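As structure tokens, the structure follows; a few thoughts come after it.
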Amino acid sequence: MLQLFNTLTGKREPFEPIEPKTVRMYVCGVTVYDYCHIGHARSALVFDVLRRYLEYSGYAVTFVKNFTDVDDKIIKRANEQGVSCESITSKFIDAYYEDMGKLGIGRATEEPKATAHMTEIVNLTEALISKGLAYAVGGDVYFQVEKYPAYGRLSKRKLEDLQAGARVDIDERKRHPMDFALWKSSKPGEPSWPSPWGSGRPGWHIECSAMSIRLLGETFDIHGGGMDLIFPHHENEIAQSCGATGKEFARYWVHNGFVQVNQEKMSKSLGNFFTIREIFEKSEWTEAVTGEILRYFLLSTHYHGPLDFSDQGLKESKQALDGFYDLFYRLGESDLRTAADVSLGPMIERTISAFQQAMDNDLNTPVAVSELQKLRGDLNKLVQQGLSTDARRRARQAFRSLGAVLGLFQTDRWEFGSRIAECDKQISDQEVELKIAERAAAKKQKDFTRADAIRKELNALGITIEDKPDGTSRWKR
RNA sequence: GGCGCCGUACCCAAGUGGUAAGGGAGCAGUCUGCAAAACUGCGAUGCGGCGGUUCGAACCCGCCCGGCGCCUCCA
């Protein structure tokens, strides 16, 4: 049974959905004013894998992930560039899909935008005012945190503590310094929508409450996002939602850790910032391969902890994947021997069970991957002992189906050598085959000088040759 | 000032009270004309330090050292 670490309770808990075999989850997406970085990728990937695993486990999942498309930073960016906010947001939404698509991150069931839910946002704000939890000042509306006794429940903070360390500007119009905006009056030139308080735009937190309630109901199963959203974003969402509905909001709160560089959080001010597209542009591998490397890398650490991004980390992920695809390559060859066939079934069963156990344990992807590594080692032995063509096919299929949960091992076109794009141009498969045949002939005549020369020539083109005991050779790029 | 996280071999990384998973690198072998791949063996008497609880602790408690995050926008 799946157990998840719930930020709300600070404990790992068995996951029990509200409705059997059904999961409704909401994940905070991105504010679309810039390209996504690796940190965004990690968050998106963690919840992509959670969704995949829930579906693998037999749940029908309704997955909602929003785009924040109205916000101070968007307005600022639009003004800087002298373009409309809409042109900024549509550009970066497209970029989001493009970048995440390369990582194999699928679309959510619903991907709502704040700007398309103004009615719900205004209604929710009105409800909070009528319940005495919010108040209007001028054209602004604030949530009054002191009226919501459970404020601080998620982030485990007390109002007094927040006050002590607050560096926020004191706004005399607020009744408490921590009161936050539900609705902001708009300045000239800013995007705005009509409301009972004059034209304006929503505060940051209210959109998620409005859209999740609209699409998933007042109470739903899982709410996720990055660690940094715990406070104030998610704390405020809870206050707004529970305050308005009087019901429980999300039952399980799941938060992923940060991507860091040299032990420090990635941030623009430190200049240690890598966008997803930058990684792909700089990669010496093809897009599909780079995507899988990145995925493997991001999943090789538990989602809850910090993850240090580094070239070495990517390199090690590539090597690990090379090992898997090396095996898959050999599993694709035919063999009449069947000596090890009987061992295969139990071996796969054991792996499936261990894999599920790892994933059930708060989505422990590093252990899940290591179980696949064990299977890889075991299968390498079986292949040596003799595994029939059919058994090899079943073995490959096992990797394919478990790998699908992590988004790994799906391709049949892995690239072993680097700079593959250039290699492709330099020599075709047919030409390689010709060279290999020529080399085989040389070997047969014990002309090893010639054989080695051909191998060296192919190596230079990114082709690796492996001689088999029977005198034939396999090769890979 | 408040809240919280982290510190496991050369590197990455599991472990959540029962005697240190897995991967990479390295070294030594097997195989091979050589190479590549694969396989085999070697690698923390030890889990930042010091105490404590316990029959037993990397795992629980306390103190200390070191690193980081949040409290303002942030995945």
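The values are calculated or read from the model by the stated rules, or taken from the named source; none is laboratory data. Please read all numbers here as calculations on a predicted model, not as lab measurements. Backbone-built Cβ (ideal geometry, glycine too); neighbour counts: all protein chains shown. For accessibility, only protein heavy atoms count, side chains too; no ligands or nucleic acids. Shrake-Rupley method; radii C 1.70, N 1.55, O 1.52, S 1.80 Å.
At a glance:
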{"read-out": "Residue A:193/residue A:87 FRET efficiency (R0 22 Å; Cβ-Cβ; nearest 0.05)", "value": "0.75"}
{"read-out": "Surface share of carbon and sulfur [accessible, 1.4 angstrom probe, percent] for segment A:16-260", "value": "48"}
{"read-out": "Chain lengthening between residue A:56 and residue A:218 when straightened (0.36 nm per residue, less Cα-Cα)", "value": "55.7 nm"}
{"read-out": "Environment charge at residue A:112 (Cβ cut-off 11 Å; Lys +1, Arg +1, Asp -1, Glu -1)", "value": "-2"}
{"read-out": "Stokes-Einstein translational diffusion, chain A - Kirkwood Rh over all Cα pairs, 1.306 mPa s, 10 °C, in µm²/s", "value": "63"}
{"read-out": "Distance in nm between pseudo-label sites at residue A:438 and residue A:459 (7 Å out along the Cβ direction from Cα)", "value": "1.8"}
{"read-out": "Chain A - accessible surface per residue (Å², probe 1.4 Å)", "value": "45"}
{"read-out": "Cα centre as origin, Lys/Arg/Asp/Glu Cβ charges: chain A dipole, Debye", "value": "800"}
{"read-out": "Calculated over segment A:97-212: convex hull of Cα atoms, volume per residue (Å³)", "value": "167"}
{"read-out": "Cα-Cα over 31 Å, subset of A:158/A:265; A:91/A:265; A:76/A:156", "value": "A:76/A:156"}
{"read-out": "Normalised convex hull volume, segment A:332-477, alpha-carbon set, Å³ per residue", "value": "125"}
{"read-out": "Among A:252, A:273, A:459 - extreme Cα towards positive end, dipole of chain A, charges at beta-carbon", "value": "A:459"}
{"read-out": "Residue A:281 paired with residue A:389, simple spin-label distance in nm, labels 7 Å along Cα-to-beta-carbon", "value": "4.7"}
{"read-out": "Cα centroid of segment A:43-112 to Cα centroid of segment A:5-34, whole Å", "value": "17"}
{"read-out": "Cα-centred dipole magnitude for segment A:283-406, charges only on beta-carbon of K, R (+1) and D, E (-1), debye, nearest 20", "value": "440"}
{"read-out": "Share of alpha-carbon pairs per 5 Å distance bin for segment A:173-262, given as whole %", "value": "3, 12, 19, 20, 17, 13, 10, 4, 1, 0"}
{"read-out": "Neighbour net charge for residue A:71 - beta-carbon separation under 12 angstrom, K R +1, D E -1", "value": "+1"}
{"read-out": "Cα-based radius of gyration of segment A:16-260 once divided by 2.2 N^0.38 Å, which approximates compact folds", "value": "1.01"}
{"read-out": "Distance cut-off 19 Å, percentage of C-alpha pairs in segment A:420-476 lying past it", "value": "22"}
{"read-out": "Additional length obtainable on full extension of the chain from residue A:308 to residue A:272, 0.36 nm per residue less Cα span", "value": "11.8 nm"}
{"read-out": "Full-extension gain in nm, residue A:19 to residue A:430, via 0.36 nm per residue minus C-alpha separation", "value": "142.3 nm"}
{"read-out": "Set of aspartates and glutamates with alpha-carbon distance to residue A:247 below 19 Å, sequence-local pairs under 8 removed", "value": "A:16, A:19, A:120, A:126, A:146, A:207, A:218, A:221, A:235, A:237"}
{"read-out": "Anisotropy class of segment A:283-406 from Cα gyration tensor, a/c 1.5 cut", "value": "oblate"}
{"read-out": "Label-point separation, residue A:380 to residue A:353 (7 Å along Cα→Cβ), nm", "value": "2.5"}
{"read-out": "Assigned charges on the beta-carbon of Lys, Arg, Asp, Glu; segment A:383-474 dipole about Cα centre (debye)", "value": "300"}
{"read-out": "Rh by Kirkwood over Cα pairs, then Stokes-Einstein D for segment A:1-90 at 1.002 mPa s and 20 °C, µm²/s", "value": "138"}
{"read-out": "Förster radius 60 Å - calculated FRET efficiency between residue A:342 and residue A:73, Cβ distance, rounded to 0.05", "value": "0.45"}
{"read-out": "Leading residue at positive end of dipole, chain A (Cβ point charges), from A:39, A:369, A:78", "value": "A:369"}
